[in-house]
Amino acid sequence: QVQLVESGGGLVQAGGSLRLSCAASGSIFSTNAMGWYRQAPGKQRELVATITSGVSRNYADSVKGRFTIARDNGKNTVYLQMNSLKPEDTAVYYCAAEIRSSPRLTAHDYWGQGTQVTVSS
């Protein structure tokens, strides 16, 4: 069994910063790509940023230059540093990871429970 637990969400004023963390635990043999997604009220879930095991990064255009994704492979943890936050960044943020639980098994996608980020104007 694999679990992803996010932390670091909260309420911040526009222009402020937050740092999200997501730790994977359980039966983990290897972790491939990890990423962050978000879902605002009434909208579909969208990609925010991803990072591969080789630390290649990809960002949504709306967050480029403001958000930074990073990972600590030793801790199976992915981070999202969010700077210059805007009200339109308000959403529930979910982390996701592609994890193999055993060398005999294929990788599966796992999701966290989500953490609320609210940016006031």
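Since every read-out is calculated from the coordinates, none of them should be taken as a lab result. Source: prediction; values computed, not measured.
For region 106-121, putting each phi into the Karplus relation 6.51 cos²θ - 1.76 cosθ + 1.60 with θ = phi - 60° gives couplings of 7, 6, 10, 8, 10, 10, x, 7, x, 9, 7, 10, 10, 10, 8, 8 Hz, in residue order, rounded to whole numbers and with x for Gly and Pro. Where the alpha-carbon atoms of the chain are placed on the principal axes, they occupy 50, 25, 23 Å, in descending order. Do you know the relative contact order of the chain, to the nearest whole percent, from alpha carbon pairs under 8 angstrom that are 6+ apart? With pairs under 8 Å counted, the relative contact order is 36 percent.
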